[in-house]
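Reading through the structure tokens given below for one structure.
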Amino acid sequence: MLGSGILQGLAVTAKNFLGSYHDPARYTTVEYPEVKQQLPEAFRNFPFLVTENATDPMGTLRCVACQICEKECPPQCIFIEKSKDKKPDANGKLQIYPVVFAIDTSVCMSCQICVEVCPFDAIKMDQVYEIATTDRFDALLLNREQLAKPNEYFHQIHPTEAAEVDARLAADRKAAEEKAKAAAAAKAALPAKPAPAPVAKPAVVPPPTAPQSPGPAA
Amino acid sequence: METPEQIRDRLLARFPGAQVTVVVNGSPSAQHSLLVDAAHGREMAGFLRDDPVLKLDQCSNVTGVDWPEKEVVETRKTTVPDPAGGTPKIIEEKSKRIEPGCLEVVYHLFSVALRHGPVVLRMRTGNRTDAVTLPSLTPVWRSCEFQEREVFDLFGVKFDGHPDLRRILMWDAFKDHPMRKDYVEPDDYEWEPTPHGDVLAKAKKHFPAPAAPAAAPTPPTATA
Amino acid sequence: MIATLPPAESWLERFPLLVRDWITGHLPESLGWLAVSLLAIVVILAAFGLLFAYLTLAERKILGRIQNRPGPNRTGWFGLLQPFADGIKAVTKEDVVPREADAVLHFLAPVLLVAMSLLGLAVIPFGRHLLAANLEAGVLYFFAAGAATELAVFMAGWASHNKYSLLAAMRALAQLISYELPLLLSVVPVVMLAGSLSTTHIVDAQGGWTFGWIPHWHVLTPWGFAGFVMFMIAALAESNRSPFDLPEAESELIAGHLTEYSGFKYALFFMAEYFGMCGLSAMAVTLFLGGWQAPCAFLEFIPSYVWFTAKLLTLLLGFIWIRATLPRLRMDQLTRLAWKFLVPLTLLNLANAAFWSLSAGWSGPMHWVRWAIALTVVVGPFLLLGRALTAGVAPRTYRYA
Amino acid sequence: MQDLSPGGAHVRAVHDEFHGDLLEVSMGPHHPSTHGVFRMVVTLDGERIVKLKPVFGYLHRNHEKLGEGTSYLGSMPYTDRLDYLCSMTNNWAYAVAVEKLAGLTVPERAEYVRVILAELTRLLNHTCLAGFLMQDCGCSGTPLMYAFREREKILDLFESLSGSRMMCNYQRFGGCRVDPPADWLARAQTLVDGYTAFLDEFEALLTGNEIVMARTQGVGCMSAALAVSAGVTGPALRATGVAHDLRKVDGYGVYPRFNFRVPLGAHGDVYDRYMIRVLEMRESVGILQQALAGLPGGPIMNPAAKLRGFRPKAGEAYGRIEGPKGEIGFYLISDGSPNPWRYRVRPPSFINLTILEDMCLGHTVADAVIILGSVDIVLGEVDR
């Protein structure tokens, strides 16, 4: 009969109208600034640099300025300058470090390829999304001070991945230590020159400061 | 489905005087292709479409490939037997030759009716500058209409017999063909400051010393 | 059929009159008539202006709820200040007039549209004592004023000098010609049975109750129900509401005749659309739903204007509900629906009403015969014409490979 | 052979008894119903279309040149941005092409996960398309909002698996990036279980609606011969009655293991295209049920696949899959370097637009809008 389809449609809309008052499945709006959706753990938006120690972020960057991510970044938004000198990293090993590590977040598309190709677990995906600024040039160009975030923050946003990374790094470290020990033992067998004094490891990391979203450049 | 060799033989039998060669594909995909000459291209395409064994009724993909001319260094080894009876000497002769460039159009043909494919058809232009005309296959497969326009737009292949050969993705006043390997992008392209020195340098060159400093974009501070 | 007057006129019922008399009492006698007229105008403007404001809000809220979202809720409590925020925005926006446009017509179109859609409200009896102008030919006057609104839409489309607006103007004219006829023809039976073109007489004719709880509204008779439905369909088209919003046609003509309007003029078009919707709904209430009459005798203590408002709002809710559900018709389908479906049905309905009027005296078993005949005359042609209208259009079954 | 050339004999005759002045209207690039920045230059006789020329390129960014400038892996996130509603299938099509080029095999679990994600993508694309189509028909957003309500649920799933709602960048050559955990699969199962109920409600709102039927039936017909010749693929081709579904034809991935049917239309009009999509969604729900039930264990990535320094040996490959919009294919030529020598996308919605004019001629402006809507285009893919 003419009109039966229309009446059926009217019934559907009426059902949704009434349902919006009692059925959460029919009222799906999340009123954003007041209510924020729980981000899934895998959520990714813009990379950050992992530091071992929150008190000395620039000294304990995991990044060794190998520039793999700079090369692999599809939109070419990473800019790295290597240091001329070497600094001890968190494990005490002397490493090159990035003097400049800039990410142009106006170009970055959060594709995560830098994270995947990084052999040092030094760059990871952040979860910031409220990054609006009034300056679209400088404020969106994040330097290494703005990018550096402590490992604890990484644990907060991606607990599973961070635990995996920590376990892997610990295993690597242990293997390296054992190797060093073996080497030292081998060296000790030879009455030769003394081994270089190991640099003291940083003390237990203090609790992290509240994670900062990268604000406008100071 | 017939192998490319079989198709080639049948095409050569059907079109005496035509040139058809099988281009061997070295990758594991083993999708070998047929390189046909431009003069018989459209007839052969029509034959492939209507042939009851092949029935390639769908031309799924049309694309251009740019092969710029390149210098090929060939090393020829000749073994010269040592007259003294010692180990034969190996003399390496290096010869350079310029392999002429061309533009290539690749058609991926499938049969919807017989559910097979792809048969890859290629045609090459004489060079990359003036002899860039190829027969249009739009009269054979309608799907070539926009795709050939795209190849014309981005590669600069002129299709003879195309009903409406205009630029499709770039604007009409655009001059170059951006998908060619030697395309140089204009220096005002993406002038905004980024951490990348070359883009910034290009931008500075194109927009020299702005008159009003207030209106000019601030240069980036790459260093912290 | 004429209802006996209710025994007591409560002070609530007379309240608007008391207020009016109190105000005019302060003025000299000679200015009284002017004050009364001006008061009526001011009250209608204020009441419908406010109704328009909150109708836009209600529409957005209801559409929102139907679409599983809250609708505007940021401005004020529950978004109650939203209409005023919108108003301020509309007034302060730049008024863009295209260079090529006919500036005079471009300006006049929204003004004329609002004026014409307001005029019709003068003859609607909003309550027992609430009527701005008691015209002998009130119904005729109402539709004459209403027909001019489509002309204003045409004016807007023509004056904008925009191709989309021009297409919208063409559509508006075609729609005007198609839908004026079923709209008027569906009203004729009411006029015929009431024997008057005066809206007050028509409302009075629907007074009274059978057994004290079945009102004598026209909508409760077979011809009245059919007439009501067809009137509402035509009213949807006449007020350019979905599914007949062809002149505006957002997805096809961008905004149709509104494409080149901005700021307050744009707001005026909206105002006119809602005034037109209110006017036609009010007329439907008057003609078919018993006007201000209460549905049951024991509910009479509630003042008449409350009943009228309730009925009006119900119809407006229907407008919004339909808008939320239905897609738009195409131009040819719209005219076909009018000429091949609504016009024949309204003509048959006229005959049906005549039969109903002549058979008023039938009683006993003949009473049921009367209902059966009247219902057949409504349902039969509806089914037949409906089948003809939807010929070739049917749900399909699909095969699988 | 039938003449199927542009402007050929198959084109619908236009009535020109009252041949007055023609009106040329530029619909787009700023138009509510061109699904982005598409433009149609329409010549009208009254409201009837006598000529229609599509104009492209407003979103052109030379995606293919970008692909030639980045590594094989670097193109993967760019494929998300082609048809930005269906990043998962774009990823898959690209991965299939690269896997063909490099001869990589994919673990079984990854193939199943790919099927699950592709079918979820199909659900979300078809749902959205139905919503957009009804929006073009003049609905005040209601079907679109219902479609988006369901789409959000699928996007939530994508987000919690890949980290991004639309730009998933999830597939890799030789597998997938992340192994879906058990709770994710349980959530996917819940969604799939509830989808049929949603489709029933959605169809109650639209399918039987007389106005929808009147607007869409007999509008924008295309013949099967023309559709095949014009390279039309996907639901638009199947609506003409041609049984051509690459999931059946090529049997790529693990599709041959699933039991599903391919719905076919008979008229090739807008209503058929809409209904084929709705019916396909029901089949997709079936595939999803089977895939979720039969998901095997094992690795998600082929350990032979290299992430860094991936250099397939010289050669070429054309890989294609059945995307929600049709055959999405990638044609790659490798010269042995880390970047492809030629990277070509076969965009289904661009090629499906070839016969837009043929479908629209003789119809009105209102029809052109819904014909365009029923072709299902995404400008990110059309203009590349």
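The values are calculated or read from the model by the stated rules, or taken from the named source; none is laboratory data. Keep in mind that this is a model prediction, so the values were computed, not measured. Because the Cβ atoms are built from the backbone with ideal geometry, glycine has one as well, and the counts that use them run over all protein chains shown.
What pairs come out if I take residues in the stretch C:28-54 that are within 18 Å of C:I124 (Cα to Cα) and pair them with residues that are among the charged types (D, E, K, R) whose C-beta lies under 6 Å away, six or more apart or interchain?
Final answer for the pair search is C:L39/C:R20.
Taking helices (runs of 4 or more DSSP H) that fall entirely within the stretch C:161-238, which contain at least 1 residues that are farther than 20 Å from C:F142 by Cα and aliphatic (A, V, I, L, M)?
C:163-194, C:222-238
Which residues, counting only those in the stretch C:63-90, are of a type in the set (A, V, I, L, M, F, W, C), surrounded by fewer than 19 Cβ atoms within 10 Å (Cβ to Cβ) and at negative phi?
C:W77, C:L80, C:L81, C:F84, C:A85, C:I88, C:A90
Looking at (1) under 24 Å from B:H162 (Cβ atoms); (2) out of contact with any Cys (no Cβ under 9 Å at 6 or more places or on another chain); (3) not aromatic (F, W, Y), which one does B:R49 not meet, given that it meets all the others?
That leaves (2) as the condition not met.
Please pick out the residue among C:P98, C:P83, C:P110, C:P125 that is assigned to a helix (DSSP H, G or I) and touching a residue at least 60 places away in the same chain (Cβ under 8 Å).
C:P110
Only one of (1) away from chain C (no Cβ under 14 Å); (2) outside any strand (DSSP E or B) is not met by A:S20, so which one is it?
(1)
When both residues are 6+ apart or on different chains and their Cβ atoms are under 7 Å apart, which pairs have a first residue that lies in the stretch C:130-141 and is among the β-branched types (V, I, T), and a second that is surrounded by 14 or more Cβ atoms within 10 Å (Cβ to Cβ)?
Final answer for the pair search is C:V139/C:V187; C:V139/C:V191; C:V139/C:L197; C:V139/C:T199.
If I filter the stretch C:341-354 for residues that are within 30 Å of D:R273 (Cβ to Cβ) and part of a helix (DSSP H, G or I), do I get at least one hit?
Yes, the stretch C:341-354 contains at least one residue that is within 30 Å of D:R273 (Cβ to Cβ) and part of a helix (DSSP H, G or I).
Within the set of pairs 6 or more residues apart or between chains, which connect a residue that is under 15 Å from D:L307 (Cα atoms) and free of Cβ contacts under 8 Å to residues at least 24 places away in the same chain inside the stretch D:89-106 to a residue that is in a loop (DSSP other than H, G, I, E, B) and of a type in the set (K, R) with Cβ atoms less than 6 Å apart?
none
Can you give me the ranges of the strands (runs of 3 or more DSSP E) entirely in the stretch B:57-174 with at least 1 residues that are among the aliphatic types (A, V, I, L, M) and buried (at least 21 other Cβ atoms within 10 Å of the Cβ)?
Here the list reads B:58-67, B:102-111, B:116-124, B:133-135.
If I filter the stretch B:106-151 down to residues being free of Cβ contacts under 8 Å to residues at least 60 places away in the same chain and touching a helix residue (DSSP H, G or I) at 6+ places or on another chain (Cβ under 6 Å), which single residue comes out as farthest from the other protein chains (Cβ to nearest Cβ)?
Only one residue tops the list, namely B:T138.
Return the only residue of D:V219, D:V232, D:V242 being crowded, with 20+ Cβ neighbours inside 10 Å, in a loop (DSSP other than H, G, I, E, B) and away from chain B (no Cβ under 14 Å).
D:V219
Inside the stretch D:178-203, can you point out the residues that are without any contact (Cβ under 8 Å) to a residue 40 or more places away in the chain and farther than 22 Å from D:E280 by Cβ?
Once the filter is applied, which keeps residues that are without any contact (Cβ under 8 Å) to a residue 40 or more places away in the chain and farther than 22 Å from D:E280 by Cβ, the stretch D:178-203 yields D:P181, D:A182, D:D183, D:W184, D:A186, D:R187.
Out of all the residues in the stretch C:331-348, which are facing another protein chain (nearest Cβ under 7 Å) and touching a residue at least 60 places away in the same chain (Cβ under 8 Å)?
C:M331 - this is the single residue of the stretch C:331-348 that is facing another protein chain (nearest Cβ under 7 Å) and touching a residue at least 60 places away in the same chain (Cβ under 8 Å).
Say whether the condition of being within 30 Å of D:I370 (Cα to Cα) and among the hydrophobic types (A, V, I, L, M, F, W, C) is met by at least one residue in the stretch D:268-275.
Checked the stretch D:268-275: at least one residue is within 30 Å of D:I370 (Cα to Cα) and among the hydrophobic types (A, V, I, L, M, F, W, C).
Only residues that are more than 7 Å from chain A (Cβ to nearest Cβ) and closer than 17 Å to D:D335 by Cβ: list them for the stretch D:64-74, please.
D:E64, D:K65, D:G67, D:E68, D:G69, D:Y72 - these are the residues of the stretch D:64-74 that are more than 7 Å from chain A (Cβ to nearest Cβ) and closer than 17 Å to D:D335 by Cβ.
Determine which member of the set C:T286, C:T314 is modelled with pLDDT of 90 or more, more than 10 Å from chain D (Cβ to nearest Cβ) and within 21 Å of the chain's Cα centre (by Cα).
One residue alone meets the criteria, C:T314.
For the stretch B:31-56, how many residues meet the condition of being under 13 Å from B:E5 (Cα atoms) and among the small types (G, A, S)?
Final tally of qualifying residues: 1.
Could you grab me the full set of residues in the stretch D:97-122 that are closer than 20 Å to D:G298 by Cα and within 14 Å of chain B (Cβ to nearest Cβ)?
Within the stretch D:97-122, D:E99, D:L104, D:T105, D:V106 meet the criteria.
Cβ-Cβ distance below 8 Å, separation of 6 or more or different chains: which pairs start in the stretch B:72-98 with a residue that is touching a residue at least 60 places away in the same chain (Cβ under 8 Å) and end on one that is surrounded by 10 or more Cβ atoms within 10 Å (Cβ to Cβ) and not hydrophobic (A, V, I, L, M, F, W, C)?
Short answer, once both residue conditions are applied: none.
Quick one: in the stretch D:132-178, which of the residues that are assigned to a loop (DSSP other than H, G, I, E, B) and within 14 Å of chain C (Cβ to nearest Cβ) is nearest to C:F244 (Cα to Cα)?
My answer is D:G138.
Can you tell me which of (1) buried (at least 17 other Cβ atoms within 10 Å of the Cβ); (2) at the interface with chain D (Cβ under 8 Å from one of its Cβ atoms) is the one A:T51 doesn't meet?
Among (1) buried (at least 17 other Cβ atoms within 10 Å of the Cβ); (2) at the interface with chain D (Cβ under 8 Å from one of its Cβ atoms), the lone unmet condition for A:T51 is (2).
Quick one: would you say D:L292 is surrounded by fewer than 24 Cβ atoms within 10 Å (Cβ to Cβ), part of a helix (DSSP H, G or I) and not hydroxyl-bearing (S, T, Y)?
yes
Kindly state which strands (runs of 3 or more DSSP E) lie completely within the stretch A:45-125 and contain at least 3 residues that are within 13 Å of the chain's Cα centre (by Cα) and more than 24 Å from D:N339 (Cβ to Cβ).
Hits in the stretch A:45-125: A:47-51.
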